[in-house]
Amino acid sequence: MDQQKQQSRAQGRQEDRRETPGIVGPGSNAPGLVILTGAGISRESGLATFRDPDGLWAKVRVEDVATPQAFARDPARVQAFYDARRVQLRDPAIQPNAAHHALAHLAREHPGPVLVVTQNVDDLHERAGQSRLLHMHGELAKARCLNCNEVSPFERAGLAGASCPACSAKALRPHVVWFGEMPLHMDEIECWLTSSCSLFVAVGTSGQVHPAAGFAETARAHGARTLELNLEPTELTRSFDEARHGPATELVPAWVDEVIRLHVALATDEQAATPATHD
Ligand code: BV8
């Protein structure tokens, strides 16, 4: 399809979406939702964020624990950093919160396509029953073998001395994306942002790390409406169509109720409006 046609189609879609924010037709063509989450959504579950005053990067230098160079320089230090976070994640006090559960409910109930892209390496979305999830920065409870690239579950401390379940090599690293490394699932995420996203929502992220920090703009450039749900304004707040500030456990359930109420109602109207076809 030539450039011109593509632009006019995007333009056409853009007009009707912008005029009627969030309302883009009921039922089968209910809006496609992409939700990007960051460390802020897990803060009220007891997991530290990165950049808040009591965040991880206030205690350790990124360069010493979250880069391939740091791992080459001092693997024991890097392994200890992730071992400690992995053990904390299995502390019974750390549980998914109302925001994680609300997004799992949304993925079950929303009549349109839903994708949750998380920058978090914790597994609180899954433990809340989230079925539509991509971990773009990897997962703390998984290890990757530097010898055979096998990704396997790893739930405890002691990754440095563990053997790969596939090739038995003692060459396991945390299955997380370090700075300077390519994030995971980028093609699938790009596809959603450019073709199936009518509403892009960022939850609990400072928007300081790329390429995730550019997702809102990409979605917006393809006609989506954008919403920021965060404890406080961020560097990106002005680039969102709408921003709501407060704790994720309050903002997210309220927003999910709004969306479900709106689109399930519309879907029901549509069914009512569609003349039943009697075979
Ligand atoms: C890459 C896993 C090539 C490890 C992480 C362009 C411009 C400038 C720099 C770059 C650029 N492109 C690339 C870079 C370099 C770099 C980068 O962005 N550097 C920054 C620091 C400037 N990016 C990379 O290296 C990335 N790789 O670019 O590869 C490429 C390029 C294009 C396309 C493909 C490939 C890889 C980055 C991934 C690094 N790994 N994590 C680990 O977990 O240890 S990043 C880590 O920080 C998180 O995963 C997250 O992604 C990121 C940001 O953290 P947030 O989640 O936003 O948390 P933060 O603490 O910052 O903010 C928390 C927010 O929550 C706050 O706003 C706070 O107000 C709010 N909050 C707090 N409590 C609550 C709350 N909100 C609601 N309720 C509450 N209760």
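The values are calculated or read from the model by the stated rules, or taken from the named source; none is laboratory data. Note that this is a predicted model, so its numbers are computed, not measured. All Cβ positions, glycine included, derive from the backbone under ideal geometry; neighbour counts span all protein chains shown.
Let's see how each residue does on (1) at pLDDT 95 or above; (2) within 21 Å of Arg261 (Cβ to Cβ):
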site: Ala84; (1), (2): yes, no
site: Val87; (1), (2): yes, no
site: Arg90; (1), (2): yes, no
site: His110; (1), (2): no, yes
site: Val116; (1), (2): yes, yes
site: Asp123; (1), (2): yes, no
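Which one of Arg86, Arg77, Arg90 is closer than 21 Å to Leu184 by Cβ and either touching a residue at least 24 places away in the same chain (Cβ under 8 Å) or surrounded by 13 or more Cβ atoms within 10 Å (Cβ to Cβ) (or both)?
Working: Arg77 fails: closer than 21 Å to Leu184 by Cβ; Arg90 fails: closer than 21 Å to Leu184 by Cβ.
From the options Arg86, Arg77, Arg90, the qualifying one is Arg86.
Let me confirm something: among Leu172, Leu184, which residue is of a type outside the set (Lys, Arg), under 21 Å from Val87 (Cβ atoms) and touching a residue at least 24 places away in the same chain (Cβ under 8 Å)? Before you say what the answer is, go through the steps one by one.
Values: Leu184 fails: under 21 Å from Val87 (Cβ atoms).
None of the others qualify; the one that does is Leu172.
Can you report the number of residues in the stretch 27-48 which are small (Gly, Ala, Ser), under 19 Å from the mean Cα position of the chain (by Cα), part of a loop (DSSP other than H, G, I, E, B) and within 30 Å of Leu262 (Cα to Cα)? Please lay out each step first, then the result.
Quick first cut of the stretch 27-48, residues small (Gly, Ala, Ser) only: 27-28, 30, 32, 38-40, 42, 45-46, 48.
Okay, now just the ones that are also under 19 Å from the mean Cα position of the chain (by Cα), so 32, 38-40, 42, 45-46, 48.
So of that shortlist, the ones also part of a loop (DSSP other than H, G, I, E, B) come out as 32, 38-39, 45-46, 48.
Cutting the leftovers down to within 30 Å of Leu262 (Cα to Cα) gives us 32, 38-39, 45.
The number of residues fulfilling the criteria is 4.
So Gln208 clears everything in (1) more than 13 Å from the chain's Cα centre (by Cα); (2) under 15 Å from Val114 (Cβ atoms) except one condition, right? Which one?
For Gln208, the failing item is (2).
If a residue must be farther than 18 Å from Val256 by Cβ and of a type in the set (A, V, I, L, M, F, W, C), how many such residues does the stretch 225-239 contain?
Of the residues in the stretch 225-239, the ones farther than 18 Å from Val256 by Cβ are 232-239.
Now drop any that are not of a type in the set (A, V, I, L, M, F, W, C), which leaves 236.
The total comes to 1.
Taking Ala171 and the conditions (1) of a type in the set (A, V, I, L, M); (2) within 19 Å of the chain's Cα centre (by Cα); (3) under 21 Å from Thr67 (Cβ atoms), which numbered condition does it fall short on, given that it satisfies the others?
Going through (1) of a type in the set (A, V, I, L, M); (2) within 19 Å of the chain's Cα centre (by Cα); (3) under 21 Å from Thr67 (Cβ atoms) one by one, Ala171 breaks only (2).
Any idea which of Glu217, Glu232, Glu258 is modelled with pLDDT of 95 or more, farther than 24 Å from Pro111 by Cβ and over 16 Å from the mean Cα position of the chain (by Cα)? Even if it seems obvious, please write down each step before you answer.
Details: Glu217 fails: over 16 Å from the mean Cα position of the chain (by Cα); Glu258 fails: farther than 24 Å from Pro111 by Cβ.
Residue meeting the stated conditions: Glu232.
With the condition kept exactly as written, say whether any residue in the stretch 166-177 is over 22 Å from Ile41 (Cβ atoms) and of a type in the set (Lys, Arg).
Filtering the stretch 166-177 down to residues over 22 Å from Ile41 (Cβ atoms) leaves 166-173.
Subsequent filtering for residues that are of a type in the set (Lys, Arg) retains 170, 173.
Checked against the condition, which is being over 22 Å from Ile41 (Cβ atoms) and of a type in the set (Lys, Arg), the stretch 166-177 yields at least one hit.
This table checks each residue for (1) among the charged types (D, E, K, R); (2) at pLDDT below 95; (3) more than 25 Å from Glu250 (Cα to Cα); (4) more than 16 Å from the ligand (Cβ to nearest atom).
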{"residue": "Arg13", "(1), (2), (3), (4)": "yes, yes, yes, yes"}
{"residue": "Asp16", "(1), (2), (3), (4)": "yes, yes, yes, yes"}
{"residue": "Ile23", "(1), (2), (3), (4)": "no, yes, no, yes"}
{"residue": "Pro26", "(1), (2), (3), (4)": "no, yes, yes, yes"}
{"residue": "Ala39", "(1), (2), (3), (4)": "no, no, no, no"}
{"residue": "Asp52", "(1), (2), (3), (4)": "yes, yes, no, no"}
{"residue": "Leu56", "(1), (2), (3), (4)": "no, yes, no, no"}
{"residue": "Lys59", "(1), (2), (3), (4)": "yes, yes, yes, no"}
{"residue": "Ile94", "(1), (2), (3), (4)": "no, no, no, no"}
